[in-house]
């Protein structure tokens with residue numbers, strides 16, 4: 001998958017690296033701003049109150 | 001990826017994409033995303049929530065400073081007591097010098113997970129008293145993640161001041177002791193903590209959070225007793241003046 005992606009990208013190796021890096025940063029921004037807050041309630045709920 | 005494959009295709013420059021390879025790469029990708037999520041949840045998000053709530057607390061305090069008309073005065077020994085606030089509304093702020101000079105956190109009505117606690121706010125047990133009232137003012141907050149307001153709760157030392165700010169002024173509680181209990185130990189938020197049915201004559205504060213860190217197995221509880229009240233008109237006590245002014 002990633003090997004195929006690498007072959008499809010244009011330009012010399014450093015241009016490809018830059019494109020991949022930009023793609024990774026974009027993915028992180030999307031994750032932190034939208035995806036992570038969205039899935040957060042479904043993981044590791046921790047109770048801090050006393051209750052019967 | 002240059003391992004020989006089954007004797008054929010050695011002259012072929014390009015391999016076909018194998019489904020097993022794609023599946024493996026997808027699994028690795030998902031694994032990395034999970035790791036990043038954990039990092040974000042346990043660490044990065046706290047910075048974001050922290051600064052947001054600190055800013056919100058400063059603005060709330062300055063707003064109260066302007067609302068001179070709504071201020072009840074009271075005396076250091078007989079503090080004013082707020083009425084019951086609307087659910088999820090912020091009615092107070094907590095300042096704990098032991099937690100750092102920039103520690104300034106909103107206290108909201110109720111202990112709902114989504115409505116209050118997961119926003120990084122400190123939640124007031126609705127059935128407990130309001131600050132300054134005879135009886136027990138009980139609050140809960142996260143110790144890890146979600147801005148972790150009570151992260152340093154176990155570092156409190158006897159005699160530490162814990163200030164609760166409302167529109168009226170600053171309630172000074174003094175920390176007494178910690179207790180570790182089961183999650184069902186509702187006696188810790190009783191009017192007289194851990195004494196069932198007793199009629200209170202003193203003013204207490206109970207703080208509850210999770211114990212151990214990152215677990216819900218037990219609760220850590222911090223008890224404080226009321227020391228005195230600082231009316232807003234007279235300004236905040238010296239040891240938190242910088243925090244309230246936002247200069248910390």
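Every number in this text was worked out from the coordinates using simple rules, so none of it is lab data. Bear in mind that the values here come from a model prediction, so they are computed numbers and not experimental data. Quick reminder, even Gly has a Cβ in these numbers, built from the backbone with ideal geometry, and neighbours come from all protein chains shown.
Computed over chain B, the Cα gyration tensor eigenvalues convert (square root of 5λ each) into semi-axes of 49, 21, 14 Å, ordered from largest to smallest.
Helix A:13-30 and the longest principal axis of the C-alpha atoms of chain A enclose an angle of approximately 20°. Figure legend: label point modelled 7 angstrom from the Cα of residue B:186 along Cα→Cβ; residues of region A:33-52 with amide N under 14 Å from it are A:49-52. Principal axis extents of the Cα atoms in region B:150-206, from largest to smallest and rounded to whole angstrom, are 31, 27, 19. Under 18 Å from a label point set 7 Å out along the Cα-to-Cβ vector of residue B:62, the amide N atoms of region B:99-117 belong to B:102-106.
Peptide packing for B:28-41, A:6-19 was compared via the average number of neighbouring C-beta atoms within 10 Å per residue; ordered from the highest value, the list is B:28-41, A:6-19. Legend: calculated FRET efficiency, residue B:174 to residue A:32, from the Cβ-Cβ distance at R0 = 41 Å, rounded to 0.05, equals 0.55. Binning all Cα-Cα separations of the protein assembly as shown at 10 Å, short to long from zero, yields these whole-percent fractions: 6, 23, 27, 15, 10, 8, 6, 3, 1, 0. Against chain B, whose longest principal axis comes from its Cα atoms, helix B:45-66 is set at around 30 degrees.
Using a simple spin-label model with pseudo-atoms 7 Å out from Cα toward Cβ, residue B:87 and residue A:16 lie 5.8 nm apart.
Find the percent of Cα-Cα distances in chain A that exceed 14 Å, and round it to a whole number.
69 percent
With respect to chain B, whose longest principal axis is taken over its alpha-carbon atoms, helix B:19-39 is tilted by about 20°.
State, as an integer percentage, the relative contact order of region B:120-248 based on alpha-carbon contacts under 8 Å between residues 6 or more apart. Across region B:120-248, relative contact order equals 27 percent. Using the Cβ-Cβ distance between residue B:25 and residue B:157 with R0 = 45 Å, the FRET efficiency computed as 1/(1 + (r/R0)^6) comes to roughly 0.30.
Measuring nothing but how far apart in sequence close Cα pairs (under 8 Å, 6+ apart) lie, relative to its length, chain B scores a relative contact order of 19 percent.
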